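Structure record follows, encoded as structure tokens.
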Amino acid sequence: MAADMRLPTIQKQVSLSTSLSALDGKDLVVPGDVITSDTGFMRGHGTYLDDEKLTASVAGEVERVNKLICVRPLKTRFNGEVGDVVVGRVTEVQQKRWKVETNSRLDSVLLLSSVNLPGGELRRRSAEDELTMRDYLQEGDLISAEVQSVFSDGALSLHTRSLKYGKLGQGVLVQLSPSLIKRQKTHFHNLPCGTSIILGNNGFVWLYPTPGQLDEEAGGYYTSLEPVSLSDREVISRLRNCLLALAAHKVMLYDTSVLYCYESSLPHQIKDILKPEVMEEIVMVTRQKLVEQEG
């Protein structure tokens, strides 16, 4: 029986030529820490009053907006805002709506009136459309969508009216913490290595081969079932392991950090990326590149 043995290795010393000034400005607290004893502040999310002292109830970063103090948790379920890009899985088909799992406290809702009809035609949804809902999306399908509104109970209402949203085809889903996804203008990226990535604000990341041409007639519901080449599958597997390595070391995920990590991992085999010593080396080199790029 083959056994995988790893011996101690000499780790490369990578010096981060930057001070921790970026972290100095952030007040990190744990549950029970007194944030302030000044009674002039208002109590926000993640705080409570204990003997007239404002105390943290969750571990996270203190945020102040004028007189309001709240604590943003470092690890939490996805709290969606209008305009967020999400990747989700359809869990249920109901009357005139789909229920979608988006890593939030409650299932999100995708209304029949909030999707593009095949061919992009604009008309009122009829009873016939309601009967053919499973032809568009059924249980288990993965979709990319945008948060259209937030209901009073915190549930999200989604829409896929743009052609960049819709049903997802062949690819790999990586589930990470929503707090690691960096907010940007666009969360759809075509990487130079021949793979595209959707960084959902809800922590679901979708990796798929970059399509050659987009079929606009499908209205976001055409999914290619062509076999994916071995080289594309290897790139996707490497990117998936890079994402897990960055998430394990709490590095913010965006197109630049993912690309730098991919480049840093090229000297190693795909299966070795998740070994602790290799993972640490790759992430240290990635951090150094990010620091040099920002500086």
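The values are calculated or read from the model by the stated rules, or taken from the named source; none is laboratory data. In this text, all values refer to a predicted model and were calculated from it rather than measured experimentally. Neighbour counts run over all protein chains shown; Cβ positions are idealised from the backbone, glycine included. In case anyone asks, the SASA skips ligands and DNA or RNA and just uses the protein heavy atoms, side chains included. Shrake-Rupley method; radii C 1.70, N 1.55, O 1.52, S 1.80 Å.
A few notes on this one:
To keep it simple, each residue is scored yes or no on (1) in contact with a Ser or Thr (Cβ under 8 Å, 6 or more places away or on another chain); (2) free of Cβ contacts under 8 Å to residues at least 12 places away in the same chain; (3) within 25 Å of Gly169 (Cβ to Cβ).
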site: Thr47; (1), (2), (3): yes, no, no
site: Glu61; (1), (2), (3): no, no, no
site: Thr76; (1), (2), (3): yes, no, no
site: Gly88; (1), (2), (3): yes, no, yes
site: Lys99; (1), (2), (3): yes, yes, yes
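- Qualifying residues in region 5-32 (those that are within 14 Å of Arg72 (Cα to Cα) and not in a strand (DSSP E or B)) - the one modelled with the lowest pLDDT: Lys26
- Residues that are open to solvent by less than 80 Å² (accessible area, probe 1.4 Å) and closer than 14 Å to Cys70 by Cα were ranked within region 41-53; the one that is modelled with the highest pLDDT is Thr47.
- Checked against the criterion of being part of a loop (DSSP other than H, G, I, E, B), open to solvent by 90 Å² or more (accessible area, probe 1.4 Å), at pLDDT below 90 and under 27 Å from Thr186 (Cα atoms), region 65-76 contains one or more residues that satisfy it.
- For region 45-101, the tally of residues that are among the hydrophobic types (A, V, I, L, M, F, W, C) and under 14 Å from the mean Cα position of the chain (by Cα) stands at 4.
- For Leu106, the test of being surrounded by fewer than 17 Cβ atoms within 10 Å (Cβ to Cβ), modelled with pLDDT under 85 and of a type in the set (A, V, I, L, M, F, W, C) is failed.
- Some residue of region 156-167 being open to solvent by 40 Å² or more (accessible area, probe 1.4 Å) and either in contact with a Phe, Trp or Tyr (Cβ under 7 Å, 6 or more places away or on another chain) or at pLDDT 90 or above (or both): yes
Okay, residues lined up against (1) under 14 Å from Val86 (Cβ atoms); (2) assigned to a loop (DSSP other than H, G, I, E, B); (3) modelled with pLDDT of 90 or more:
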| position | (1), (2), (3) |
| --- | --- |
| His189 | no, no, yes |
| Pro192 | no, yes, yes |
| Ser196 | no, no, yes |
| Leu207 | no, no, yes |
| Gly212 | no, yes, no |
| Tyr222 | no, yes, no |
| Leu225 | no, yes, no |
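- Failed item in (1) open to solvent by less than 20 Å² (accessible area, probe 1.4 Å); (2) of a type outside the set (Gly, Ala, Ser); (3) modelled with pLDDT of 90 or more; (4) over 24 Å from Asn79 (Cβ atoms), with Leu137 passing the rest: (3)
- Test result for Ser264, without any contact (Cβ under 8 Å) to a residue 60 or more places away in the chain and open to solvent by 60 Å² or more (accessible area, probe 1.4 Å): no
- Any hit, region 174-187, residues being open to solvent by 20 Å² or more (accessible area, probe 1.4 Å), without any contact (Cβ under 8 Å) to a residue 12 or more places away in the chain and either on the phi > 0 side of the Ramachandran plot or not aliphatic (A, V, I, L, M) (or both): yes
- Cβ-Cβ contacts under 8 Å between residues 6 or more apart (or on different chains), taken from a first residue in region 128-141 that is under 14 Å from Leu111 (Cα atoms) to a second residue that is at pLDDT below 85, are listed as Asp129/Leu117; Tyr136/Pro118; Tyr136/Tyr221; Leu137/Tyr221.
- When Thr256 is tested against (1) open to solvent by less than 50 Å² (accessible area, probe 1.4 Å); (2) more than 20 Å from Asn190 (Cβ to Cβ); (3) among the polar types (S, T, N, Q), only condition (2) is not met.
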